[in-house]
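Heads up, the thing below is written out as structure tokens.
Nothing in this text is a laboratory measurement; each read-out follows from the coordinates by a stated rule. Everything quoted here is computed from the prediction, not taken from an experiment. Positions of Cβ are generated from backbone atoms using ideal geometry, with glycine treated the same way; all protein chains shown enter the neighbour counts.
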Amino acid sequence: QPVRADGRHGAVHLAGRRGDRQDPNLGTGPGSLTEYGSTSPAAMIDLPQTYLEPILLKNAAARGAKVRFDTELLSLTQDEDGVTAVLRDRVRGEEYTVRARYLIGADGGRSSVAEQLGLPIDGQMGKAGSMNITFTADLSRYVAHRPSVLYWVIQP
């Protein structure tokens, strides 16, 4: 996940890899880095979602955010003061309404938030299937000579 971190909240920055050391094949070539750099004063880093989510969760909770999992957004309504969301707890099956200043739509490429707001998602969806699996193994003998942010294992 390409993300940005500013100097005050360096946890994400310390956990990630700077954009100038990324593999240009991942959309981070010189042209992309210039584009990323023009959108924020913070340095661009690359951090896997499995590392990013706990950092975001910890920092959001420390600032009073209420984070919900196993929850489905049924509808949202925006006004000048914030957002009203109707949610369903998928474990209990209960529906309830939440009022907040902000709603963060971190719900992926089939985002119900983007759909309900009428935000377009460019590109063709569902072109190929993939699965992300996180595991720990010493692969240094295979990859030490070619450091990278991401390695693919295809049909092992």
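Some observations on this one:
- A Förster radius of 35 Å combined with the Cβ-Cβ distance from residue 84 to residue 138 puts the calculated FRET efficiency at roughly 0.10.
- Distance between modelled label sites at residue 96 and residue 58, nm, 7 Å Cα→Cβ extension: 2.7 nm
- Karplus-based coupling profile of region 85-99, in residue order and whole Hz: 10, 9, 10, 10, 6, 6, 7, 8, x, 7, 9, 7, 10, 10, 10, with θ = phi - 60° in 6.51 cos²θ - 1.76 cosθ + 1.60 and x standing for Gly or Pro.
- In this structure, residue 128 and residue 67 have a Cβ-Cβ separation that, at R0 = 25 Å, corresponds to a calculated FRET efficiency of about 0.20.
- Note on region 85-144: Rg/Rh from C-alpha atoms, Kirkwood Rh, equals 1.16.
- Residue 57 sits among other residues whose Cβ lies under 13 Å from its own Cβ, and their net charge, with Lys and Arg +1 and Asp and Glu -1, is +3.
- Sequence of 45, 154 once ranked by neighbouring C-beta atoms within 10 Å, starting from the fewest: 154, 45
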